[in-house]
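Take a look at the structure below.
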Amino acid sequence: AATCAVLLLAFAATFALSPVPPHSLPRAHWSVVPATVDLTAGGIIRLLDYAGTAVFAHAGALQAGKRGMDALGCVIVGCVTALGGGSARGVFVGEPGGVFWACEPIYLRIAVVAAAVTFAAWPFIDGKIVNR
């Protein structure tokens, strides 16, 4: 339950950190958050993909925290855990445009926020979940 709360907080914080719109561009060009929730099959898959990114970042940050890393170490390990597999796949397959998170930075934002929230909640997580 605590892990779910941490992940939901990280996911919500990621969307709260969306950039402020420049007034010269229409909404479609500046926002990473859709104007409405897309409940089509593609939208649900995208939402599950975002949630999976947050879960992997959380797992990486948990392992880094267990080994005594500081905040930067937890965020780096969380991001490598969340984004590393897809990045390696993109390089091996030869996808145009490089790694996927460079083309869609929302994945990097989700990973950074999820790992940072996990680090910030580490005293609670360590006492309640890890050391049972």
Item to complete: Starting from residues that are assigned to a loop (DSSP other than H, G, I, E, B) and under 16 Å from R67 (Cα atoms), keep the ones in the stretch 120-132 and report whichever is most open to solvent (accessible area, probe 1.4 Å).
Response: N131
Fill in: Residue ID - farthest from the chain's Cα centre (by Cα), chosen from residues in the stretch 101-119 that are open to solvent by 50 Å² or more (accessible area, probe 1.4 Å) and of a type in the set (F, W, Y)
F119
Worksheet item: Which residue pairs have Cβ atoms under 7 Å apart, sit 6 or more places apart or on different chains, and have a first residue in the stretch 67-78 that is over 14 Å from P123 (Cβ atoms) and of a type in the set (K, R) and a second that is loosely packed, with under 12 Cβ neighbours inside 10 Å and modelled with pLDDT of 95 or more?
Response: none
Practice prompt. Look at L39 and say whether it is outside any helix (DSSP H, G or I), surrounded by fewer than 15 Cβ atoms within 10 Å (Cβ to Cβ) and either at pLDDT 95 or above or of a type outside the set (V, I, T) (or both).
Written response: yes
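Residue-wise test of (1) open to solvent by less than 80 Å² (accessible area, probe 1.4 Å); (2) outside any helix (DSSP H, G or I).
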| position | (1), (2) |
| --- | --- |
| L48 | no, no |
| H58 | yes, no |
| A61 | yes, no |
| V91 | no, no |
| G97 | yes, yes |
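So, R27, is that one on the phi < 0 side of the Ramachandran plot, at pLDDT 85 or above and open to solvent by 60 Å² or more (accessible area, probe 1.4 Å) or not? Spell out how you get there, then give the answer.
Numbers: on the phi < 0 side of the Ramachandran plot: yes; at pLDDT 85 or above: no; open to solvent by 60 Å² or more (accessible area, probe 1.4 Å): yes.
Against the criterion (on the phi < 0 side of the Ramachandran plot, at pLDDT 85 or above and open to solvent by 60 Å² or more (accessible area, probe 1.4 Å)), R27 does not qualify.
The values are calculated or read from the model by the stated rules, or taken from the named source; none is laboratory data. Computed from a prediction, not measured in an experiment: that's the story for all the values here. FYI the Cβ positions are ideal-geometry reconstructions off the backbone, even for glycines, and counts take in every protein chain you see. When the accessible area is computed, the model is the full protein with side chains, heavy atoms only, and any ligands, DNA or RNA have been set aside. Shrake-Rupley method; radii C 1.70, N 1.55, O 1.52, S 1.80 Å.
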